[in-house]
Amino acid sequence: MTITEARDALEALRPLENVRVTNLALNLPGPVAATRLAGMGARIIQIVPPAGDPMESYHPDFYRSLHAGQEILRLDLKNSGDREKFEAILATTDVLLTAFRPAALERLALGWSALHARHPRLCQVALVGDAAGAENVPGHDLTYQAACGLLSPPAMPLTLHTDMASAECMVSTTLALLLARARSQQGGYAQVVMTAVTEDFALPLAQGMTAPGGFLGGGSPFYNLYRARDGWVAVAALEPHFQQRLLAELHLESAGYEKFSAFFAERSAAEWQRWAAERDLPLVAVRTPPGTRENQR
């Protein structure tokens, strides 16, 4: 089953049919979460301020793809008329996604206590930067990764790890709140804390597994990157049977980074990938990220 087929199979189940989600979250995590929920059958209404979503200006194509098929309303929640429209929407909403700092939500009368009193069956998933005591400190993906030791300056991260992981946490939290509401008939509130998400994401590093020289950080020749005749290959022969097969196919009695390097330098990355596929080995050519030059070791 391909990735597309697996996603299509889940979407065909439509487990969130008739669930209405109102999304106040801007930029990336909230809209990604909303898109995932839409794929499960939820109806999404995206509320944006009059000035729009910042992402609409710095990456319009991605913005449009994330919001395809969703209803987008521009509302000023400080305007009485727009606020009445928003409250009417909340009256029929099952889940509200937010990414405001808690102090800003309180100023908009969208703190959980006030919100729950007006809409007792509404669930809220609130994306916040940090835990209690620092939840109003501003931050974004780059600062959260930096604080958890996931950066290697001056290189910028190749993807937005914290944002994407937070989006998935928002999805799972939404499903948990809906399940709890089905049992209690009362709405619920939960926070997704981006610093906590990043710390969880960085757990293999914190445990030393992926630290430089760690077993999965270059310390094992069986789990490493090697220069091919052109390009690179990634080898991930963790299990003993893969390790034994790799050694046998390379006609080696023992492993070593230098030994493997000498072999992999003899063929192109594409040739090695075909070679590995024929032998059921976990080895692939490293795909160069779009817009970047091939890294030099």
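Considering every residue within the stretch 259-272, establish whether at least one is within 21 Å of residue 210 (Cβ to Cβ) and touching a residue at least 12 places away in the same chain (Cβ under 8 Å).
Kept after step one, since they are within 21 Å of residue 210 (Cβ to Cβ), are these residues of the stretch 259-272: 260-261.
So of that shortlist, the ones also touching a residue at least 12 places away in the same chain (Cβ under 8 Å) come out as 260-261.
Looking for residues that are within 21 Å of residue 210 (Cβ to Cβ) and touching a residue at least 12 places away in the same chain (Cβ under 8 Å), one finds at least one in the stretch 259-272, hence yes.
Here is a list: 22, 35. Which entry is assigned to a strand (DSSP E or B) and either in contact with a helix residue (DSSP H, G or I) (Cβ under 8 Å, 6 or more places away or on another chain) or assigned by TED's automatic domain parsing to the domain that holds residue 127 (or both)?
Every option except 22 fails the conditions.
With touching a strand residue (DSSP E or B) at 6+ places or on another chain (Cβ under 8 Å), surrounded by fewer than 16 Cβ atoms within 10 Å (Cβ to Cβ) and either within 28 Å of residue 142 (Cα to Cα) or modelled with pLDDT under 95 (or both) as the only criterion, which of 49, 29, 15 stands out? Even if it seems obvious, please write down each step before you answer.
Values: 29 fails: surrounded by fewer than 16 Cβ atoms within 10 Å (Cβ to Cβ); 15 fails: touching a strand residue (DSSP E or B) at 6+ places or on another chain (Cβ under 8 Å).
None of the other options fit; the residue is 49.
Filtered by the rule that a residue be surrounded by fewer than 17 Cβ atoms within 10 Å (Cβ to Cβ) and under 13 Å from residue 194 (Cβ atoms), the stretch 165-180 gives a lone residue, 168.
Residues considered: 160, 142, 205. Of these, the only one that is among the aliphatic types (A, V, I, L, M) and in contact (Cβ under 8 Å) with a residue 60 or more places away in the chain is 160.
Each row is one residue, and each column tells you yes or no for (1) closer than 18 Å to residue 269 by Cα; (2) in contact (Cβ under 8 Å) with a residue 40 or more places away in the chain; (3) among the charged types (D, E, K, R); (4) in contact with a Ser or Thr (Cβ under 8 Å, 6 or more places away or on another chain).
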site	(1), (2), (3), (4)
225	yes, yes, no, no
231	yes, yes, no, yes
241	no, no, no, no
252	no, no, no, no
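Please determine whether any residue of the stretch 76-92 is farther than 24 Å from residue 11 by Cβ, of a type outside the set (Val, Ile, Thr), within 27 Å of the chain's Cα centre (by Cα) and exposed (fewer than 14 other Cβ atoms within 10 Å of the Cβ). No.
Across the stretch 95-148, which residue is surrounded by the most Cβ atoms within 10 Å (Cβ to Cβ) among those that are β-branched (Val, Ile, Thr) and over 19 Å from residue 32 (Cα atoms)?
Step one: of the stretch 95-148, the residues β-branched (Val, Ile, Thr) are 95, 98, 125, 128, 137, 143.
Now restrict to residues that are over 19 Å from residue 32 (Cα atoms): 137, 143.
Numbers: 137: 12, 143: 17.
Restricting to residues being β-branched (Val, Ile, Thr) and over 19 Å from residue 32 (Cα atoms), the top hit is 143.
Residue-wise test of (1) out of contact with any Phe, Trp or Tyr (no Cβ under 6 Å at 6 or more places or on another chain); (2) not in a helix (DSSP H, G or I).
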| residue | (1), (2) |
| --- | --- |
| 114 | yes, no |
| 135 | yes, yes |
| 145 | yes, no |
| 162 | no, no |
| 172 | yes, no |
| 181 | yes, no |
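Which residues, taken from the stretch 69-96, are of a type outside the set (Asp, Glu) and in contact with a helix residue (DSSP H, G or I) (Cβ under 8 Å, 6 or more places away or on another chain)?
Going residue by residue through the stretch 69-96, those that are of a type outside the set (Asp, Glu) are 69-70, 72-75, 77-81, 83, 85-86, 88-93, 95-96.
69, 70, 73, 75, 77, 90, 95, 96 - these are the residues of the stretch 69-96 that are of a type outside the set (Asp, Glu) and in contact with a helix residue (DSSP H, G or I) (Cβ under 8 Å, 6 or more places away or on another chain).
I'm checking my understanding of the structure. Among residues of the stretch 234-260 that are assigned to a strand (DSSP E or B) and not β-branched (Val, Ile, Thr), which one is surrounded by the most Cβ atoms within 10 Å (Cβ to Cβ)?
As a first pass, look at the stretch 234-260 and keep what is assigned to a strand (DSSP E or B): 234-236.
Now restrict to residues that are not β-branched (Val, Ile, Thr): 234, 236.
Numbers: 234: 17, 236: 15.
So the residue we want is 234.
If you check 76, 61, 94 for being more than 19 Å from residue 171 (Cβ to Cβ) and touching a residue at least 24 places away in the same chain (Cβ under 8 Å), only one passes: 76.
Do we have residue 190 as out of contact with any Phe, Trp or Tyr (no Cβ under 8 Å at 6 or more places or on another chain), under 23 Å from residue 131 (Cβ atoms) and modelled with pLDDT under 95 here? In short, no.
The values are calculated or read from the model by the stated rules, or taken from the named source; none is laboratory data. All values derive from a computational prediction rather than experimental measurement. Please note: Cβ atoms are built from the backbone with ideal geometry, for glycine as well, and neighbour counts cover all protein chains shown.
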